[in-house]
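Written below as structure tokens is the structure these notes are about.
The values are calculated or read from the model by the stated rules, or taken from the named source; none is laboratory data. This is a predicted model, so every value here is computed, not measured. Backbone-built Cβ (ideal geometry, glycine too); neighbour counts: all protein chains shown. Accessible surface areas use protein heavy atoms only, side chains included; no ligands, DNA or RNA. Shrake-Rupley method; radii C 1.70, N 1.55, O 1.52, S 1.80 Å.
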Amino acid sequence: MRMTEGPPLYGRDPLLRSLLPRLTGLAFDERVRAAREFHGDLPVVLVTGRHGMGRSAVLRSLAEHYAGRLPLAYVRAVPPDPDLPPPAPAGPAGAPFAPDAPGGASPAVASTFVELLAEVVCGLGPELRRHFPVLVPGLFAVSAWEYDNAGQRDAACLRYARLLLACRLAAGDEARLRQSWATAVDQRLARVSGPRDQAAVTAAVVAEYAERHRPDAARAWYRERFPEQSAEGDAGALGDPLELLGEWFHQGGDYRHAAEQTLMAAFLHDVASSYGRLQRWNREPRPLVLLDDAHCAAGLTFLDLLLEHRAQPGRTDREELVVVATRLGDVLDEAPAAVRRTLPDLVKSTGWKRAGLEPSAGLLAVPLTPLSRDDILLLLVPRHRSRPLHPYLASAVHSLTGGHPAATTALCSAALRATEQGASVRPGDLLRLDAEDGRPVTEALLLRLLPDRRQRDRLTVLSLARDSTAAEALAAHLKLEGPDQLAANSAADYLEEQQWQPLTHPDAPLVGDPLLQTLLVHEARRSARPPDDDRSWQGIHRFLRAHHAQRGEDGEADALRHTLATGNAKLVVAALTEEFRSEQDEQAAAHWLTCLWYAATAPTPPTEPDGDWTDERLPVALGAHDGRYADLHEIERCVNRLLHALWQVSEPDTEPDRDLCKAVGEELAYLSPRHPTWHAVLGQAARTWPVAARKKQPFPVPGVPGAPGTPGIPGVPGAPGQ
């Protein structure tokens, strides 16, 4: 019997339908058992990728398909915020997420390790044979609050109530149970004669739990985890081990780490006791923990402690807990022993086996890769009969997004929605479509890819600069302020923090990711201020042109590019023509070609009615408007046509026009014999550039090794963003 399926996740089948069934022992979308690959020792699967690569979508799909079929906890680690109250649980105890909620499964959230562990218990508890008899008393002991802090008390007692209900240690209403615990602990504290501090609260909580649930076995287990404190080995000298656990936890530092290790050991001990030899013989599906955003503090602590425990050579608890976590960015150097596998590697067998005692040897890292052109074609299948889609729309989406899942899905959905409403969507229209909520699709995407509003607004302006140096100058000109440093440096640090790019030298592009750069530049164009404003499109590019012009020949290509971005093609053509006529040095041909192609990567200005520029690049490039330029010399008219042809084919979201690609070669071939020393270089470009334009590849510059791609100049057509 097949399970009900949600929206498909294209390109993720090796992870969802191959690896996870072999880990859990249960098929992804059918009610049948699956052969298992791992026995006795399971890897932690760490799904990695940038914002929008579908990390959360993978976990959400797993939660939707496995909920109700095996013990399942679905939790998202969130950064702790001291100014906000603790996050509210996502649902009642025993139901930490809602698979039938609009938009799919919603995870519980936790900002600390203890909160995360409690949410995992609430998810797994109702379905496991044993209901965490060792861990739950420990969670009570470490969750004590500061005396007279009502907010902390209510949050802790709510956690107590949810744990007790999920583990079937109590019955009734969650609110009443929370109030019962708050009242009972307050009454015990009222009878305390000594200091009423956090230790007193811990003692009161432990005493109340002991009176209600008698955790004798748990106390014996915890007593074995602590060192003897008397020379005679008198275990009684330890006092109550639950109280000691709470004191160590709140003492912080090494003591807290030891307490957290103890809690993780208790958790895994309870899981092992619940899923023992009988369950393995009966091939019962293994319990599953889904942990989203494990790069945050709570998630890191959970994974580190889990991997440390599993790496212990003498451990006796061989729990078979399946953990799938996500991480923003790649697995860094702190996990040297992690095993990395691509998605195709997961289809039949991962070949994973623990190699050594390094904790990171327990990691199986799986980076999410971009979608293919074939995947995008499947996303562009109309839901209803409507007018045919543009034949190269999938190619345009792939060229624009590089297969980035979030951007691809958003653009395909917007294109289908516009088509069903009667619009004719061409490749050049993709960035001008609206998202489902009515806002521009580029704005909706940037809200998701760059969560910080201040940095997003700052980068929208600074993305028009070529590199960090130019961005700093622009920020100073516009009086953009950073929180505690230069605005450009702050923006660069933010991009590095969000895993969009590593910190680079000042001559590198400020925004190195082509998709993000394209979205930011389009948003800058869409939200451009009036022409008389310093922050207008024209004002920004005029400033940047002047900034680069001061650098002399080194800044010529950038100055021409910013000139063209204002729509002043006439001035760019005049400058290129003058250099063509006056320069005799054969080596200067490479510089001229570099200036030509790099100028042609300029983003187009705002069009009418918002701007005063009209897009006539195609007819100008094909000579339809040559009559306007009758007063110019034929070489200047040729440069004009060539520049406009390159400007058009450099657009990242358009399918190359064959006539335009042919025109590029013809114009270069016309110029080649008309220069006394450049004819060989121009002739070679006349043969190679039309091919590069058709294939959307970098334009090779003869005589320049590795060009394009010199420092500060992106190496793809259309970069650094249209």
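Of the helices (runs of 4 or more DSSP H) lying entirely inside segment 242-328, the ones with 2 or more residues being in contact (Cβ under 8 Å) with a residue 24 or more places away in the chain and small (Gly, Ala, Ser) are found at 253-274, 297-310. All conditions in (1) surrounded by 17 or more Cβ atoms within 10 Å (Cβ to Cβ); (2) at pLDDT 90 or above hold for Arg526, with the sole exception of (1).
If I filter segment 616-635 down to residues being in contact with a helix residue (DSSP H, G or I) (Cβ under 9 Å, 6 or more places away or on another chain) and not in a helix (DSSP H, G or I), which single residue comes out as least open to solvent (accessible area, probe 1.4 Å)? The extreme case among them is Gly623.
Among the residues making up segment 159-183, those that are without any contact (Cβ under 8 Å) to a residue 24 or more places away in the chain and open to solvent by 50 Å² or more (accessible area, probe 1.4 Å) are Ala171, Gly172, Asp173, Ala175, Arg176, Gln179, Thr183. Of the residues that make up segment 67-89, is at least one under 30 Å from Arg196 (Cβ atoms), surrounded by 19 or more Cβ atoms within 10 Å (Cβ to Cβ) and at pLDDT below 95? Within segment 67-89, one or more residues are under 30 Å from Arg196 (Cβ atoms), surrounded by 19 or more Cβ atoms within 10 Å (Cβ to Cβ) and at pLDDT below 95. Of all positions in segment 273-284, none carries a residue that is on the phi < 0 side of the Ramachandran plot, buried (at least 20 other Cβ atoms within 10 Å of the Cβ) and hydrophobic (A, V, I, L, M, F, W, C). Restricting the first member to segment 582-594 and to residues that are loosely packed, with under 12 Cβ neighbours inside 10 Å, and the second to residues that are of a type in the set (S, T, N, Q) and in a loop (DSSP other than H, G, I, E, B), the beta-carbon pairs closer than 8 Å and six or more apart or on different chains are Gln584/Thr677; Asp585/Thr677. Would you tally the residues in segment 515-557 being among the charged types (D, E, K, R), under 31 Å from the mean Cα position of the chain (by Cα) and in a helix (DSSP H, G or I)? Residues in segment 515-557 being among the charged types (D, E, K, R), under 31 Å from the mean Cα position of the chain (by Cα) and in a helix (DSSP H, G or I): 3 in total.
Evaluate the following for Pro690: is it within 25 Å of Ser395 (Cβ to Cβ), surrounded by 20 or more Cβ atoms within 10 Å (Cβ to Cβ) and modelled with pLDDT under 85? Break it down into steps so the answer makes sense when it comes.
Working: within 25 Å of Ser395 (Cβ to Cβ): yes; surrounded by 20 or more Cβ atoms within 10 Å (Cβ to Cβ): yes; modelled with pLDDT under 85: no.
Considered against the rule, which asks whether it is within 25 Å of Ser395 (Cβ to Cβ), surrounded by 20 or more Cβ atoms within 10 Å (Cβ to Cβ) and modelled with pLDDT under 85, Pro690 comes out as no.
Looking at Leu268, Leu291, Leu332, Leu328, which one is of a type outside the set (S, T, N, Q), in contact with a helix residue (DSSP H, G or I) (Cβ under 7 Å, 6 or more places away or on another chain) and within 30 Å of Glu496 (Cα to Cα)? Don't jump to the end; show me each part of the working.
On the way: Leu268 fails: within 30 Å of Glu496 (Cα to Cα); Leu332 fails: in contact with a helix residue (DSSP H, G or I) (Cβ under 7 Å, 6 or more places away or on another chain); Leu328 fails: in contact with a helix residue (DSSP H, G or I) (Cβ under 7 Å, 6 or more places away or on another chain).
None of the other options fit; the residue is Leu291.
Looking across segment 487-501, the residues that are open to solvent by 20 Å² or more (accessible area, probe 1.4 Å) and either outside any helix (DSSP H, G or I) or touching a strand residue (DSSP E or B) at 6+ places or on another chain (Cβ under 6 Å) (or both) come down to Gln498, Gln499, Gln501. For Ser111, the stated conditions do not hold, so it cannot be described as polar (S, T, N, Q), at pLDDT below 95 and either open to solvent by 20 Å² or more (accessible area, probe 1.4 Å) or in contact with a strand residue (DSSP E or B) (Cβ under 7 Å, 6 or more places away or on another chain) (or both).
Based on what the data block shows, is Gly351 out of contact with any Gly (no Cβ under 7 Å at 6 or more places or on another chain) and either open to solvent by 60 Å² or more (accessible area, probe 1.4 Å) or at pLDDT below 90 (or both)? Quick ask: steps written out before the conclusion?
Details: out of contact with any Gly (no Cβ under 7 Å at 6 or more places or on another chain): yes; either open to solvent by 60 Å² or more (accessible area, probe 1.4 Å) or at pLDDT below 90 (or both): yes.
Yes: the conditions hold for Gly351.
Do the conditions hold for Arg191, that is, is it open to solvent by 50 Å² or more (accessible area, probe 1.4 Å) and under 20 Å from Pro215 (Cα atoms)? Against the criterion (open to solvent by 50 Å² or more (accessible area, probe 1.4 Å) and under 20 Å from Pro215 (Cα atoms)), Arg191 does not qualify. Residue count for segment 315-334 satisfying the condition of being at pLDDT 85 or above, open to solvent by less than 70 Å² (accessible area, probe 1.4 Å) and within 22 Å of Val78 (Cβ to Cβ): 7. Only one of these is modelled with pLDDT under 95, within 32 Å of the chain's Cα centre (by Cα) and charged (D, E, K, R): Asp173, Asp154, Asp100. Name it. Just a single option satisfies the conditions, and that option is Asp100.
Taking every residue in segment 393-408 that is under 20 Å from Arg694 (Cβ atoms) and free of Cβ contacts under 8 Å to residues at least 24 places away in the same chain and pairing it with any residue that is part of a helix (DSSP H, G or I) and of a type outside the set (Phe, Trp, Tyr), at least 6 positions away or on another chain, the pairs with Cβ-Cβ distances below 8 Å are Ala394/Arg373; Ala394/Ile376; Ala394/Leu377. With respect to Ala663, is the statement that it is assigned to a helix (DSSP H, G or I), small (Gly, Ala, Ser) and in contact (Cβ under 8 Å) with a residue 60 or more places away in the chain true? Spelling it out, it is not the case that Ala663 is assigned to a helix (DSSP H, G or I), small (Gly, Ala, Ser) and in contact (Cβ under 8 Å) with a residue 60 or more places away in the chain.
Pairs meeting the criteria (first residue in segment 367-383 and farther than 20 Å from Leu19 by Cα and open to solvent by 50 Å² or more (accessible area, probe 1.4 Å), second residue part of a loop (DSSP other than H, G, I, E, B) and of a type in the set (Ser, Thr, Tyr), beta carbons under 8 Å, at least 6 apart or on different chains) are Leu378/Tyr10.
Tell me whether segment 587-599 contains one or more residues that are outside any helix (DSSP H, G or I) and either of a type outside the set (S, T, N, Q) or modelled with pLDDT of 85 or more (or both). For segment 587-599, residues outside any helix (DSSP H, G or I) and either of a type outside the set (S, T, N, Q) or modelled with pLDDT of 85 or more (or both): absent. Of the candidates Leu510, Leu515, the single residue that is crowded, with 17+ Cβ neighbours inside 10 Å and at pLDDT below 90 is Leu510.
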